[in-house]
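Down below is the structure, laid out as structure tokens.
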Amino acid sequence: MFNIRRIPLLVFLVTVLSLSIWVVFDHSNIVVAQSQEVGPLTTAPITGPYKDLPVDAGVWNDGKAALWDLNIIDHYRYFGPKERAKGYKPEQPIKFNHIIHVQKNKMECQYCHWSVSKAAYAAIPEVETCMGCHKLVKGTDPASQAEIKKLDEFWAKGIAIPWNKVHVMPQYVNFNHKRHVKAGVNCQECHGQVPNMPEVERVTSMKMGWCIDCHRDRGTSIDCYTCHH
């Protein structure tokens, strides 16, 4: 017969095991992030201030809603929706590489995401914005030339690039980018080190408890109507 007094011990052992697995898993991510190369569009390694930063560096509270909110046991990983799980990285119609654009070419984030401090949403660049450079810049290797050719085709057809959203939130959440930027919230607190990403990925599942903890820490309202209206 099962002894109910053993439940706290079992919970403790499961927690220790989960933490051990997470530490090993997280360390391997850091090693990969530090040694990764830019990817198929260039063979230049990551350099400069981002070299030793994993993609989830600087994320508020390590992206966790609670101490036990570990990615390896996150219910989004197993039961979905998969778009909410940390590490979600959908395939994009064009392989846009932030390392090339931000680190190598020193482009400012707001050149493409111009509305981030002016509107409730962060704009995804229009084809016209991309072509402002790529009418002249056609790539230095076959892989990049192939991706820019896709951009040329969208431009010629006069249609928008069908980017796949990475940071998906439920429809009942009203998130305002402008309010957060003006309040001093840094981009990496929610999105991680995007300049270090060959492909943009989620660095946190953005659970409600995670948002509430940040609001409390900053002395901001946690009234339901603040986010749900």
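The values are calculated or read from the model by the stated rules, or taken from the named source; none is laboratory data. Quick caveat, the model's predicted, so the values are computed rather than measured. Here the Cβ positions follow ideal geometry from the backbone for every residue, glycine too, while neighbour counts run over all protein chains shown.
For region 93-139, the candidate set comprises residues that are loosely packed, with under 13 Cβ neighbours inside 10 Å and under 25 Å from D52 (Cβ atoms); within that set, the residue that is nearest to the chain's Cα centre (by Cα) is E108.
Here is the figure for region 130-153: residues that are among the aliphatic types (A, V, I, L, M) and touching a residue at least 40 places away in the same chain (Cβ under 8 Å) total 2.
Given the criteria in contact (Cβ under 8 Å) with a residue 12 or more places away in the chain, surrounded by 15 or more Cβ atoms within 10 Å (Cβ to Cβ) and either aliphatic (A, V, I, L, M) or more than 27 Å from M107 (Cα to Cα) (or both), does V173 qualify? Break it down into steps so the answer makes sense when it comes.
On the way: in contact (Cβ under 8 Å) with a residue 12 or more places away in the chain: yes; surrounded by 15 or more Cβ atoms within 10 Å (Cβ to Cβ): no; either aliphatic (A, V, I, L, M) or more than 27 Å from M107 (Cα to Cα) (or both): yes.
The answer is no for V173.
For A156, the requirement of being without any contact (Cβ under 8 Å) to a residue 12 or more places away in the chain, of a type in the set (G, A, S), out of contact with any Leu (no Cβ under 8 Å at 6 or more places or on another chain) and assigned to a loop (DSSP other than H, G, I, E, B) is not met. Checked against (1) surrounded by fewer than 18 Cβ atoms within 10 Å (Cβ to Cβ); (2) assigned to a loop (DSSP other than H, G, I, E, B); (3) in contact (Cβ under 8 Å) with a residue 12 or more places away in the chain, G219 passes all but condition (3). The residue of region 140-157 that is surrounded by the fewest Cβ atoms within 10 Å (Cβ to Cβ), among those that are small (G, A, S) and either closer than 30 Å to R179 by Cα or modelled with pLDDT of 95 or more (or both), is A156.
Okay, residues lined up against (1) of a type in the set (D, E); (2) on the phi > 0 side of the Ramachandran plot:
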| position | (1), (2) |
| --- | --- |
| K165 | no, no |
| P170 | no, no |
| N196 | no, no |
| E201 | yes, no |
| M206 | no, yes |
| D213 | yes, no |
| R218 | no, no |
| S221 | no, no |
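Within the span defined as region 197-204, every residue fails to be more than 19 Å from the chain's Cα centre (by Cα) and surrounded by fewer than 18 Cβ atoms within 10 Å (Cβ to Cβ). Within region 99-146, the residues that satisfy the criterion of being assigned to a helix (DSSP H, G or I) and among the polar types (S, T, N, Q) are Q103, Q110, T129, S144, Q145. Put simply, of E126, E153, E201 the only residue that is under 20 Å from K86 (Cα atoms) and of a type outside the set (S, T, Y) is E201. Against the condition surrounded by 15 or more Cβ atoms within 10 Å (Cβ to Cβ) and without any contact (Cβ under 8 Å) to a residue 12 or more places away in the chain, how does H167 come out, does it pass? Taking the combined requirement at face value, the residue does not satisfy it. All conditions but one from (1) aromatic (F, W, Y); (2) surrounded by fewer than 16 Cβ atoms within 10 Å (Cβ to Cβ); (3) touching a residue at least 60 places away in the same chain (Cβ under 8 Å) apply to Y76; the one that does not is (2).
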